Amino acid sequence: MFYDCGWADDGTGLEVVIEPWMEGLFPALKKFLIQKKGSFISQDSTMEDASKTDLSNYSCKEKVTNDVTTIGNNEMFIHASENNLETNKSSLKVIDESVTDHVCIAPEDNDSTQRTLAIAGKYNIDILSQEEIQCLPIKLCSFPLDKKLTLPAQSPPYLTLECVDNSEGRTIQVNSPLPSAASQVVETHVVSVRRLTSADAVKTALEVTLRLPKDQDRFAYEPGDSFGIIVKNKENEVEILLNLLGISDRADKIYELSVLPNTKKKAAAVPKFIPVKSSLRYILEHCVDIRSVPKKPLVRALLEYTSSPSEKRRLQELVSKEGASEYTKNIREANLTLLDLLIIFGSCKPPVTTLLEHLPRLQPRAYSIISSPLVDSENISFVFNVVEIPKENTVTYARKGICTGWLFSVYNELASNGTDLNTTFSGLTISEKCNVCATIYLRSNQNFHLPKDLATPIIMIGPGTGVAPFVGFLRHRQKIMASNPNDIIGKSWLFFGCRHKEHDFLYKEEIERFQDEGILNHFIVSFSRETTACNGVKYVQDNILKHGAALASLLVNEGAVVYVCGDAHNMAKDVFEAFVSILQANCNQTENSARNLLAQMQIEKRYLQDVWT
């Protein structure tokens, strides 16, 4: 082996492992090739030279100093004992003075917890009590105190803040490109909110209709397109975060963000999605994702600002190589957020610049359009399940999704005002019913559209809210068929699945009308929680297998296009495997040839997916 391996996962930042490893790879490779060409260099000297490159931090030579065993510059063994856990609080304040003056709170603020609870009470947020927090699995150390832990190196700080305006001021909007944008940003108004599921359904599905601006050319869409809603973090969560950081009194001042002089971070720059001049409240509310699961580099940075020895030790465990499973179980799989961590580890008081260095961009939320511009050119509709995150073993307070929770609050507000939520308000002015705006943009589409040739058969698979684009497809086809009654229209299949036919069967009546009118030829439904489920059919993939002969013929003989919309974790994979199986069973295909056929269909845009995680 001419070069040591580098190991990383999606919880480790690229700058911690991957980038240094790549920098050292080619110098080591060059030396190895020189050796192969005949230069008399022993393997030991080759490895020694390679370790002297920028990747010296991956050398396996240990340097032992007191209680800390260092592996190069990138990893260290921390020998945790009773003595070295009694850390002096001042040693935890590894903060640049220019940052400290503006955005850091001293760890000795004993009133922080009470203020947090008071703010939470003001906004009706039920946070776990201190007694409950102390019993959380994430709070309990898993290793003996004398266990050596391997920690990644801390990412070098690179941002600093300076107050440029002592008075409250308007923030400066950042013009960072939006992901997958295919249009300009447009302002829309909520026209209606309609509940599609029963009150006792497991999930709450809502349909929201938005009124497009009059200059609709800025938002020219087709059925199958999706759009992004520009969201902001919840005000109450931002308020709690500001309090936890000790900067509530400075939240609305205007600060200038710049690169820290003499930073050791390579290619350091202010993140493009953060305004150079803005208020801290605006940045935390609109720019960074405070709901994202903290990655290991952020957790590694947080432990440097944790004054409690026991809490610091636990954070060391969570970020260590030995505690990898602890991090996965207690942070990543539990969908913990930064707020959860700061509430659980109450002595952790990082400067806000540390958070801005690590938090990702607050991404727009994407939704499939359920409308057809041929049916309604003024409005677009979309459907979604309200995301519920309960308070349990690790999450410190119950919450809903950022965007779905906001829209659910709109629904509740309309309901409390006595609005008929099952009626569209298109005949009324917006101000008469709802004055809620949504900023949206059209997203680029990877050919998830109806075939240009109407004679092409289509197979649509969309369980739950995945049925949304296909309702748009059918509405569009209905209008086209009415205008062109003599055209040949290809066969159409729709596979839909839900839990209970009485609780969450979305668009049942409308889809059945499409079938009665010949717009849709086959409507195949499965119910995963019905006790009377017949012949083992519970999911959409079960029905695909059941109708395998007809579907395989459509794929192989008639050039059908397959559309899959919904969950990427299980459903999309299971549906793909079902198609592999029916091709094997009905077309004399081997498994490899069936997979190759589907791969070719993907290349030809005949097997299309619109899936999410």
Point to revise | Residue, modelled with the highest pLDDT, within segment 258-289, restricted to residues that are charged (D, E, K, R) and part of a loop (DSSP other than H, G, I, E, B) | key: Asp289
Point to revise | Residue under evaluation Gly566, criteria (1) among the small types (Gly, Ala, Ser); (2) surrounded by fewer than 16 Cβ atoms within 10 Å (Cβ to Cβ); (3) in contact with a strand residue (DSSP E or B) (Cβ under 8 Å, 6 or more places away or on another chain), criterion not met | key: (2)
Point to revise | Residues of segment 596-613 satisfying the condition of being within 28 Å of the chain's Cα centre (by Cα) and of a type in the set (S, T, N, Q) | key: Gln602, Gln609, Thr613
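For (1) within 22 Å of Arg361 (Cβ to Cβ); (2) under 25 Å from the mean Cα position of the chain (by Cα); (3) without any contact (Cβ under 8 Å) to a residue 24 or more places away in the chain, each residue gets a yes or a no:
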| site | (1), (2), (3) |
| --- | --- |
| His189 | no, no, no |
| Ser192 | no, no, no |
| Lys203 | no, yes, no |
| Leu212 | no, no, no |
| Ser226 | yes, yes, no |
| Val231 | yes, yes, no |
| Asn243 | no, no, no |
| Tyr255 | yes, no, no |
| Ala269 | yes, yes, yes |
Point to revise | Residue satisfying all of: in segment 552-567; modelled with pLDDT of 95 or more and outside any helix (DSSP H, G or I); nearest to the chain's Cα centre (by Cα) among these | key: Cys565
Exercise for review: Could you identify the single residue in Arg281, Arg332 that is of a type in the set (Lys, Arg) and within 21 Å of the chain's Cα centre (by Cα)?
Suggested key: Arg332
Practice item. Please work out which residue is farthest from Ile125 (Cα to Cα), limiting yourself to segment 319-336 and to residues that are crowded, with 23+ Cβ neighbours inside 10 Å and among the polar types (S, T, N, Q). Key: Ser320
Study note, to complete from the structure: With criteria (1) buried (at least 18 other Cβ atoms within 10 Å of the Cβ); (2) part of a helix (DSSP H, G or I); (3) touching a residue at least 24 places away in the same chain (Cβ under 8 Å), Asp574 comes up short on (1)
Practice item. Evaluate segment 436-459: report whether one residue or more is modelled with pLDDT of 95 or more, under 23 Å from Ala199 (Cβ atoms), crowded, with 16+ Cβ neighbours inside 10 Å and out of contact with any His (no Cβ under 8 Å at 6 or more places or on another chain). Key: no
Practice item. Kindly list, by first and then second residue, each pair from a residue in segment 454-475 that is free of Cβ contacts under 8 Å to residues at least 60 places away in the same chain to a residue that is surrounded by fewer than 24 Cβ atoms within 10 Å (Cβ to Cβ), limited to pairs with Cβ atoms under 6 Å and residues at least 6 apart or on different chains. Key: Leu454/Asp487; Leu454/Ile489; Ala455/Ile488; Ala455/Gly490; Leu474/Phe514; Leu474/Ile519; Leu474/Leu520
Check your understanding: Just for segment 404-420: of the residues that are surrounded by fewer than 16 Cβ atoms within 10 Å (Cβ to Cβ) and part of a loop (DSSP other than H, G, I, E, B), which one is modelled with the highest pLDDT?
Key -> Asn417
Review point. Counting only residues that are out of contact with any Gly (no Cβ under 8 Å at 6 or more places or on another chain) and buried (at least 20 other Cβ atoms within 10 Å of the Cβ), which one in segment 518-542 is farthest from Val202 (Cα to Cα)?
Key: Ile519
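Looking only at segment 390-403, decide whether some residue is within 28 Å of Val293 (Cα to Cα), aromatic (Phe, Trp, Tyr) and at pLDDT below 95.
Step one: list which residues in segment 390-403 are within 28 Å of Val293 (Cα to Cα), which gives 390-403.
If we keep only those that are aromatic (Phe, Trp, Tyr) too, we end up with 397.
Checking the rest, the ones that are also at pLDDT below 95 come to 397.
Yes - at least one qualifying residue is present in segment 390-403.
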Check your understanding: Within segment 164-173, is there a residue that is outside any helix (DSSP H, G or I), within 26 Å of Lys234 (Cα to Cα), at pLDDT 90 or above and not assigned by TED's automatic domain parsing to the domain that holds Val299?
Key -> no
Exercise for review: Quick one: in segment 300-318, of everything that is among the polar types (S, T, N, Q) and assigned to a loop (DSSP other than H, G, I, E, B), which residue is surrounded by the fewest Cβ atoms within 10 Å (Cβ to Cβ)?
Suggested key: Ser308
Check your understanding: Among the residues of segment 568-580, is any acidic (Asp, Glu), farther than 19 Å from Arg595 by Cβ and either modelled with pLDDT of 95 or more or within 32 Å of the chain's Cα centre (by Cα) (or both)?
Key -> no
Review point. Checking Asp126 against (1) under 25 Å from Ile331 (Cβ atoms); (2) modelled with pLDDT of 90 or more; (3) not basic (Lys, Arg), which single condition isn't satisfied?
Key: (2)
Check your understanding: Which residues, taken from segment 356-372, are closer than 27 Å to Ile138 by Cβ, out of contact with any helix residue (DSSP H, G or I) (no Cβ under 9 Å at 6 or more places or on another chain) and not in a loop (DSSP other than H, G, I, E, B)?
Key -> none
Exercise for review: Among the candidates Val395, Val375, single out the residue that is in a loop (DSSP other than H, G, I, E, B), assigned by TED's automatic domain parsing to the domain that holds Ser226 and over 21 Å from Tyr507 (Cβ atoms).
Suggested key: Val395
Review point. Yes or no: Ala549 at pLDDT 95 or above, part of a helix (DSSP H, G or I), small (Gly, Ala, Ser) and within 18 Å of Ile459 (Cα to Cα)?
Key: yes
**Study point:** Selection within segment 206-239 - buried (at least 21 other Cβ atoms within 10 Å of the Cβ), of a type in the set (Gly, Ala, Ser) and either touching an Asp or Glu at 6+ places or on another chain (Cβ under 8 Å) or more than 28 Å from Phe505 (Cα to Cα) (or both)
**Key:** Gly224, Ser226
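The values are calculated or read from the model by the stated rules, or taken from the named source; none is laboratory data. Small disclaimer: the values here were computed from a predicted structure and weren't measured. Note that each Cβ is placed from the backbone with ideal geometry, even for glycine, and that neighbours are counted across all protein chains shown.
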